[in-house]
Amino acid sequence: KSYNQFKIIGTASEGQAAVELALKLRPDILLLDVLMPGLSGIEVLRRLNKSIPRMRVVVFSAKQEPQIIRGLIQEGMHGFVNKNSSLSELRQALDKVSLGENWYNETFSQTVREALAKSNSHADSMIELLTPREREITVLIARSHSSKQIAGLLNISLKTSENHRANLMRKLGVHDVAGLVRFAVRHGLVDPSLDP
């Protein structure tokens, strides 16, 4: 397939909209950024990979931290193109992925090796202990929402919101919001440049 044979059927500028649009349009290939307003790329994949198992995913991002890469691999990414790459590299990735293959460039392969080598580290394994709701609350806390605001946004009681916050801190071994923010940034759940 040449690049001209690909058709853009939808675009979204933030994570939750991307999930909703993908569920509605069910694309053959999803071109996804890692860090967007709302849900992160990893969280978007987490919510879609069971609903649209045949969909192929190419990540197009400047972020290549090992923890983020490992999360993307775990959630079923099929290709990765750095935003600094040439357009021909994106075409190559789309061509390969559309044929059922995986595609990564050489520098990315090195990052993947590093990410997988660190796969048993305590910090990386921590995110796997969180439920989807806990990850959602982590993001909201990292974005400076109070327990009361989180309760309102998620339609839960203030007590439940406070319990979630306490459980998260205990589970992750952090003692303050700053620690939770560092965890969220490190795992690609929020982007400090998008989430002041």
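The values are calculated or read from the model by the stated rules, or taken from the named source; none is laboratory data. Remember, it's a predicted structure, so these values are computed and weren't measured experimentally. Every residue, glycine as well, gets a Cβ built from its backbone with ideal geometry; the counts of neighbours run over all protein chains shown. Calculation scope for accessible area: heavy atoms of the full protein, side chains included, ligands and nucleic acids excluded. Shrake-Rupley method; radii C 1.70, N 1.55, O 1.52, S 1.80 Å.
Return only the number of the condition from (1) of a type outside the set (A, V, I, L, M); (2) modelled with pLDDT under 85; (3) in contact with a helix residue (DSSP H, G or I) (Cβ under 6 Å, 6 or more places away or on another chain) that Tyr104 does not satisfy.
So the condition that Tyr104 fails would be (3).
Taking Ser146 as meeting all but one of (1) over 21 Å from Arg46 (Cβ atoms); (2) small (Gly, Ala, Ser); (3) at pLDDT below 85, write down the number of the exception.
(3)
Cβ-Cβ below 7 Å, separation at least six or inter-chain, first residue in the range 71-92 and within 13 Å of Asp33 (Cα to Cα), second of a type in the set (Asp, Glu) and outside any loop (DSSP other than H, G, I, E, B): which pairs?
Close Cβ pairs satisfying both conditions: Val81/Glu89.
Go over the candidates Ile52, Ile8, Ile68 one by one and state the one that is in contact (Cβ under 8 Å) with a residue 12 or more places away in the chain and either in a helix (DSSP H, G or I) or open to solvent by 80 Å² or more (accessible area, probe 1.4 Å) (or both). Before the answer, list the steps.
Numbers: Ile52 fails: either in a helix (DSSP H, G or I) or open to solvent by 80 Å² or more (accessible area, probe 1.4 Å) (or both); Ile8 fails: in contact (Cβ under 8 Å) with a residue 12 or more places away in the chain.
Selected residue: Ile68, the only one of Ile52, Ile8, Ile68 that is in contact (Cβ under 8 Å) with a residue 12 or more places away in the chain and either in a helix (DSSP H, G or I) or open to solvent by 80 Å² or more (accessible area, probe 1.4 Å) (or both).
Report, by residue number, each residue of the range 76-101 that is assigned to a loop (DSSP other than H, G, I, E, B) and either over 10 Å from Val57 (Cα atoms) or of a type in the set (S, T, N, Q) (or both). Can you show your working first?
From the range 76-101, those assigned to a loop (DSSP other than H, G, I, E, B) are 76-78, 83-86, 99-101; that's our starting set.
Selection gives Lys83, Asn84, Ser85, Ser86, Leu99, Gly100, Glu101.
I'd like to check something: does the range 130-143 contain any residue that is open to solvent by 80 Å² or more (accessible area, probe 1.4 Å), at pLDDT below 85, in contact with a helix residue (DSSP H, G or I) (Cβ under 8 Å, 6 or more places away or on another chain) and under 22 Å from His78 (Cα atoms)?
Taking every residue of the range 130-143 in turn, none turns out to be open to solvent by 80 Å² or more (accessible area, probe 1.4 Å), at pLDDT below 85, in contact with a helix residue (DSSP H, G or I) (Cβ under 8 Å, 6 or more places away or on another chain) and under 22 Å from His78 (Cα atoms).
Out of all the residues in the range 150-196, which are open to solvent by less than 50 Å² (accessible area, probe 1.4 Å), at pLDDT 85 or above and part of a loop (DSSP other than H, G, I, E, B)?
Ile156
Given the conditions (1) open to solvent by 60 Å² or more (accessible area, probe 1.4 Å); (2) of a type outside the set (Asp, Glu); (3) farther than 18 Å from Val19 by Cβ; (4) out of contact with any Leu (no Cβ under 7 Å at 6 or more places or on another chain), which single one is not true for Lys63?
Unmet for Lys63, out of (1) open to solvent by 60 Å² or more (accessible area, probe 1.4 Å); (2) of a type outside the set (Asp, Glu); (3) farther than 18 Å from Val19 by Cβ; (4) out of contact with any Leu (no Cβ under 7 Å at 6 or more places or on another chain): (4).
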